[in-house]
1. Out of residues 5 or more away from B:TRP123 or on other chains, whose amide H comes under 5 Å of its own, with H placed 1.01 Å from N in the peptide plane?
2. What are the ³J(HN,Hα) values, in whole Hz, obtained from phi via the Karplus relation 6.51 cos²θ - 1.76 cosθ + 1.60 with θ = phi - 60°, for each residue of the range A:37-44 in sequence order, with x given for Gly and Pro?
3. With each label point set 7 Å from Cα along the Cα-Cβ vector, what nm distance links B:ALA23 and A:ASP57?
4. P(r) for the range A:20-74: what percent of alpha-carbon pairs falls in each 10 Å bin, starting at zero?
5. Give the separation of the Cα centroids, the range B:136-208 to the range A:59-76, in Å.
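Read-outs: derived from the displayed coordinates by stated rules, not from any lab. Every value quoted in this text rests on a predicted model; they were computed, and no experiment measured them. No Cβ is skipped: glycine too gets one built from the backbone with ideal geometry, and neighbour counts run over all protein chains shown.
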Amino acid sequence: MTCSDFLKELTDYLDDSMDAQTRAELEDHLQWCHNCYVVCNTTKMTIEIYRDSHLYDLPDDLRSRLRTAIVAKCQGSPCAEEAPARKKSARTE
Amino acid sequence: MGTIQPTVAEPADELSLVHAAKAGDISAFEELVKRYDRNVFRIAQHITQNREDAEDVVQDAFLKAYQNLKNFQEQSKFYTWLVRIAVNEALMRLRRRRPERMVSLDEDIKTEEDSMPREVADWSPNPEQLYSQGELKEILGKTIQGLPPSFRTVFVLRDVEGLSTEETADALDLSVPAVKSRLLRARLQLRERLNKYFKNRTGGDGKK
């Protein structure tokens with residue numbers, strides 16, 4: 001297995017979506033290839049940092065303002081199951 | 001080396017909320033809004049990179065979902081269906097803001113080479129602790145902003161929101177191999193760009 005082969009499989013490896021034999025081959029490569037080990041490890045850290053970052057959290061005040069606006073808009077809009085019936089009758093009239 | 005497993009649990013009563021909302025029960029729909037507004041906002045802001053646009057996307061996506069609930073066939077999770085609507089709204093906003101550039105999820109940028117690791121350096125054991133919360137958010141925001149929209153959309157759905165590869169493909173109307181290819185490149189490009197902030201400086205050159 002070359003480093004390029006390893007990189008192609010990196011996403012499936014990190015997501016644990018591969019058969020046992022391919023996994024064993026990748027882990028064998030990681031045993032002796034320091035570069036791939038570092039790339040694999042830092043890619044995993046990248047994912048974890050973004051996942052845990054709370055980047056773009058929705059602040060509570062904005063959240064409640066948005067929710068109020070959404071509910072008001074929905075109330076003023078044709079309700080989910082009434083909509084097709086109205087359209088249909090409008091067409092047939 | 002451990003693997004990363006996303007966790008998204010679907011509450012058992014979700015379908016009954018959907019059914020009640022379909023019948024016009026606004027409070028049931030409000031409950032669905034409460035469950036997913038944070039996720040939709042995060043996705044919208046990742047795609048549009050603009051706070052006002054993200055706020056509009058949240059409102060428009062939920063309104064559209066409400067108006068089109070009758071078309072939700074319940075073959076996928078409600079959340080996946082909602083994400084599909086939100087992504088489309090967000091991309092529309094992005095196109096409006098950047099009309100000079102075509103923004104498409106189909107774009108397949110350059111070759112594999114754009115994602116080949118150029119710099120291989122170990123990172124500090126807890127790189128996020130090198131910076132304050134505010135600094136870290138700025139670094140992460142700036143870094144992901146540099147990715148093409150099609151890459152950051154796949155990354156946020158798969159790695160931040162924890163959708164499965166299949167759900168991400170479904171929400172974005174892409175094939176599974178296309179999702180995997182974009183995801184790999186997004187992950188590698190982010191890693192490369194974060195190197196300069198997170199690499200281990202104790203035994204290195206100490207440059208910022």
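1. Under 5 Å from the amide H of B:TRP123 lie the amide H atoms of B:ASN200, each far enough along the sequence or on another chain.
2. Whole-Hz 3J(HN,Hα) from phi for the range A:37-44: 4, 5, 4, 4, 5, 6, 5, 4.
3. Placing both labels 7 Å along Cα→Cβ, they lie 3.8 nm apart.
4. 19, 24, 19, 14, 14, 10, 0
5. 31
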